[in-house]
Amino acid sequence: MRLLLTEDDAELARSLIARFRDQGYEVVHMPDGIQGLRAATEGDFDAIIVDRMLPGMEGLELVKAVRLKKATPIIYLTTMSGIDDRVRGLEAGGDDYLIKPFAFEELLARIRVMVRRQAPAASRLYAGAIEMDLVARRVTRRGRPIELLPQEFRLLEYLLRNVDRAVTRRMLLENVWDIHFDPHTSVVESHISRLRARLNAHCDIDAIQTVRGTGYRLLAAN
């Protein structure tokens, strides 16, 4: 997932960038409203985080300007906590509004919800020669059917939704197993090993790349 962070608090920005990157997200940071608007309208992002009080251009005006060109999900991150402030922010085109100070986990959850709402519901997912039919619950690679257990299917679905992106062990635990702590087991590694064996049978290209020190990546070219 690619995020745009428009925030003039350098310390907060550094902290958020580090934590998002730990989750496998790419973050572009702009320290003022003018640069933020330029990046938002010229770049492609899955979600935009906007401070209300920005130098150069106030966050409210930035969001109004973005909405003339883009439908990208936007969340405000601000100390302006009044009801009128929230109403004005949402009416300007924002999708959500989070008050500082905040918990990173809540910000992350809100962003995920916004992106899910925005994404069209697809019945098929693809990565190179791998195809997943979400309705029929069927997986093929180069036309060859691949039988998967339910948890293996969920694991592959998550990898397909993040194709060519490195996903961490923590991301897999949270999104595939709904485990929000480290259980100190090899459940991820064992399932990746079995999934890799099933996908790679009769194929000379390993579809799942191990990213040293990070996690795993499902390759688009396979």
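Bear in mind that the values in this text are calculations on the coordinates, not laboratory data. All values reported here derive from a predicted model rather than from experimental measurement. Counting neighbours? That spans all protein chains shown, and the Cβs are built from the backbone with ideal geometry, glycine included.
Test of understanding: ordering THR210, THR79, THR168, THR72 by Cβ neighbours within 10 Å, fewest first, what list do you get?
In order of increasing Cβ crowding within 10 Å: THR79, THR210, THR168, THR72.
Against the empirical 2.2 N^0.38 Å scaling, what ratio does the C-alpha Rg of the chain come to?
Output field value: 1.15.
When the dipole is taken about the Cα centre of region 124-218, and only Lys, Arg (+1) and Asp, Glu (-1) are charged at their Cβ, what size is it in debye, to the nearest 20?
Result for region 124-218 is approximately 200 debye, rounded to the nearest 20.
For a quick check: sort THR6, THR140 by the number of other beta carbons within 10 angstrom, fewest at the front.
Ordered from fewest to most neighbouring Cβ atoms within 10 Å, THR6, THR140 come out as THR140, THR6.
What dipole magnitude, in Debye to the nearest 20, does region 51-139 give about its Cα centre under +1 on Lys/Arg Cβ and -1 on Asp/Glu Cβ?
Roughly 380 debye, rounded to the nearest 20.
Lys/Arg Cβ at +1, Asp/Glu Cβ at -1, dipole of region 124-218 taken about the Cα centre: which of ILE205, ILE179, ALA136 is farthest positive-ward?
The residue sitting farthest along the positive end of the dipole is ILE205.
Fully extended, how many nm does the chain gain between GLN35 and SER15 (0.36 nm per residue separation, minus their Cα-Cα distance)?
Additional length available on full extension: 5.2 nm.
So what is Rg over Rh here for region 152-222, counting just Cα atoms and using Kirkwood for Rh?
0.94
With just the Cα atoms defining each centre, how far is region 69-96 from region 129-158? Give it in Å.
39 Å
Report the label-to-label distance for ARG116 and HIS202 in nanometres (one decimal), using points 7 Å from each Cα along the Cα→Cβ vector.
3.6 nm
Before rounding to the nearest 500, sum -39500 (n - 2.57) across all DSSP H runs of length at least 4 in the chain and divide by the residue total; then give [θ] at 222 nm in deg cm²/dmol.
Here the helix-only value at 222 nm equals -12500 deg cm²/dmol.
Which FRET efficiency, nearest 0.05, do ASP8 and ARG88 yield, Cβ-Cβ r, R0 22 Å?
Computed FRET efficiency for ASP8 and ARG88: 0.65.
Express the Stokes-Einstein translational diffusion coefficient of region 1-129 in µm² s⁻¹, to the nearest whole number, given a Kirkwood radius over alpha-carbon pairs, 37 °C and a viscosity of 0.692 mPa s.
The Stokes-Einstein estimate is 220 µm²/s.
Report the gain in length on full extension from GLU58 to ARG124: 0.36 nm times residue separation, minus Cα-Cα distance, nm rounded to one decimal.
Going from the current span to full extension adds 19.7 nm.
Would you list, by chain and number, the aspartates and glutamates whose Cα falls below 16 Å from the Cα of LYS100, excluding same-chain residues fewer than 8 positions away?
GLU7, ASP8, ASP9, GLU11, ASP51, ASP85
Using the count of nearby Cβ atoms within 10 Å as a rough guide to exposure, how do ASP96, ASP32, ASP182 rank from fewest to most?
ASP182, ASP32, ASP96
If you line up the Cα atoms of region 115-179 on their principal axes, what length do they span on each, largest first, in Å?
Here the Cα extents, ordered largest to smallest, are 31, 26, 21 Å.
In nm, to one decimal, how far is the LEU149 label point from the GLU42 one, both placed 7 Å along Cα→Cβ?
In this crude label model, LEU149 to GLU42 measures out at 5.1 nm.
Work out how much length ARG142 to GLU26 would gain on full extension: take 0.36 nm times their residue separation and subtract the Cα-Cα distance, in nm to one decimal.
The span from ARG142 to GLU26 would gain 38.7 nm if fully extended.
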